[in-house]
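Report on one structure; see the data block that follows.
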Amino acid sequence: MNDNDILLEVKDLQVHFEVRRGVVRALQGVNFTVRRGKTIGIIGESGSGKSVTARAIMQLLAQNGRVVNGEILFHHRKGNDASSSSEIIDITEQDSDGEIMRSLRGGEIAMIFQEPMSSLTPVYTAGVHIGEAVRLHLNPLKRVDAQVANVVQQHQDVSKQEAKEIAISMLTRVGIPQPGQRVDAYPHQLSGGQRQRVMIAVALSCNPSLLIADEPTTALDVTTQAQINDLMLELQEEFGMAIMYITHDLGVIAEMAEDVAVMYLGKIVEEATVDQIFYDPKHPYTKALLQSIPKIGKERGERLEIIEGMVPDPFSIPDGCPFHNRCPQFIPGICDRHIPHLVPVGEDHTASCLLYDQKIMSEVPDGAAQPV
């Protein structure tokens, strides 16, 4: 991978939350890379750490959450063309309310949240939501810090009327009917699909380099889901932005993503291209996720495949591999003792499984277990 193709690097990211019972280790060393103009899918069960990863990138963690280790490196391109040099900004070192982070958040990195009704302010119209983003990120500020000046886009002042015109244009672009009227509509006056389109319009109003979509179609019907996903692909091609698509729907990932990272209990357990994940999965958890997809042609009354057990309590994470108590390829004395790490299992393909650790597997008697 060419360094100039890299937009975002997450390295050994660890996030903890302090609660009454103790400390929840929500992320335990997450690593992945987002390429410019490409889509990476982040998949896994509820509680795997997908949304926490997104909020850490945006510096939007809850007050009791903090990044305790790791780096989130954003490669900010100084010019608009592919040959422009980049400067690397470590998001974890920025003040969440500082000028650099406020400029990145919404300007360079935008996010679509899972539930638009709770993400849109009920007393503001669609036009106000979009206009606020436009005026905040397109207005030049007085800066003395050279790094801030390089990060923030330089534009002319945007008046309220101009912001409204931009809002109408964005609503038109995302397929809202009668945008001239809908621009003055409040969230409760819009359908679920329209609210989600407004969220997309807000996110894209400043032409971000990275769009984080946190399960953006979960609350929508199937037809609207397809429309929203098609819209995101169209806008990605138009704007040239990268997308980090968070979901538990493998069908959506097959359609949307080029790269896939599979998360389980705060860790990346497998990362590869979408074709490798679907046609040559390596980690037992990834295989179990794929096997649990309902398939056409099953006999009536035939039971669906499931992943046995539950995601462990964050205060009772098992020793060794965190998936071993649910894994069909569990090796007693190995999987419950050793902690796996991501290792190469093919070209641009890594998996965190002891079955691919040659040193560990050399201790296992012949025939006891083999990678499948």
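The values are calculated or read from the model by the stated rules, or taken from the named source; none is laboratory data. Every value quoted in this text rests on a predicted model; they were computed, and no experiment measured them. Cβ atoms come from the backbone with ideal geometry, glycine included; neighbour counts cover every protein chain shown. Ligands, DNA and RNA are stripped out before the accessible areas are found, and what is left, the full protein with its side chains, is counted by its heavy atoms. Shrake-Rupley method; radii C 1.70, N 1.55, O 1.52, S 1.80 Å.
Across region 270-290, what is the number of residues that are open to solvent by 20 Å² or more (accessible area, probe 1.4 Å) and not aliphatic (A, V, I, L, M)?
Number satisfying all stated conditions: 10.
Any residue at all in region 290-298 that's among the hydroxyl-bearing types (Ser, Thr, Tyr) and closer than 27 Å to ARG35 by Cβ?
No, because not a single residue in region 290-298 is among the hydroxyl-bearing types (Ser, Thr, Tyr) and closer than 27 Å to ARG35 by Cβ.
Does region 220-228 contain any residue that is within 18 Å of the chain's Cα centre (by Cα), modelled with pLDDT under 90 and open to solvent by 10 Å² or more (accessible area, probe 1.4 Å)?
Scanning region 220-228, I find at least one residue that is within 18 Å of the chain's Cα centre (by Cα), modelled with pLDDT under 90 and open to solvent by 10 Å² or more (accessible area, probe 1.4 Å), so the answer is yes.
Give region 241-271 a look and list any residue that's within 15 Å of the chain's Cα centre (by Cα) and among the small types (Gly, Ala, Ser), or say none.
ALA242, ALA257, ALA261, GLY266
List, please: which pairs have Cβ atoms under 7 Å, are six or more places apart or on different chains, and start with a residue in region 199-211 that is at positive phi and end with one that is of a type in the set (Phe, Trp, Tyr) and open to solvent by 10 Å² or more (accessible area, probe 1.4 Å)?
Final answer for the pair search is ASN207/PHE239.
Scanning region 258-269 for residues that are out of contact with any Leu (no Cβ under 9 Å at 6 or more places or on another chain) and open to solvent by 10 Å² or more (accessible area, probe 1.4 Å), which turns out farthest from VAL52 (Cα to Cα)?
Per the criteria, the residue is GLU258.
For region 44-53, what are the residues that are among the small types (Gly, Ala, Ser) and either modelled with pLDDT of 95 or more or farther than 30 Å from PRO312 by Cα (or both)?
Passing the criteria: none in range.
Go through region 342-368 and count every residue that is modelled with pLDDT under 85 and at positive phi.
Selection size over region 342-368: 1.
Pairs needed: first member in region 345-366, farther than 16 Å from GLY320 by Cα; second member anywhere, in a loop (DSSP other than H, G, I, E, B); C-beta distance under 6 Å; at least 6 residues apart or different chains.
Note: pairs meeting the criteria are VAL345/LYS282; THR350/LEU342.
Output the residues belonging to region 279-297 that are over 21 Å from ARG326 (Cα atoms) and within 21 Å of the chain's Cα centre (by Cα).
Hits for region 279-297: nothing passes.
Of all residues in region 190-211, which are open to solvent by 30 Å² or more (accessible area, probe 1.4 Å) and within 13 Å of GLU238 (Cα to Cα)?
ASN207, SER209
Tell me, which helices (runs of 4 or more DSSP H) lie completely within region 60-161 with 1 or more residues that are of a type in the set (Lys, Arg) and at pLDDT below 90?
In region 60-161, the matching helices (runs of 4 or more DSSP H) lie at 99-107, 126-138.
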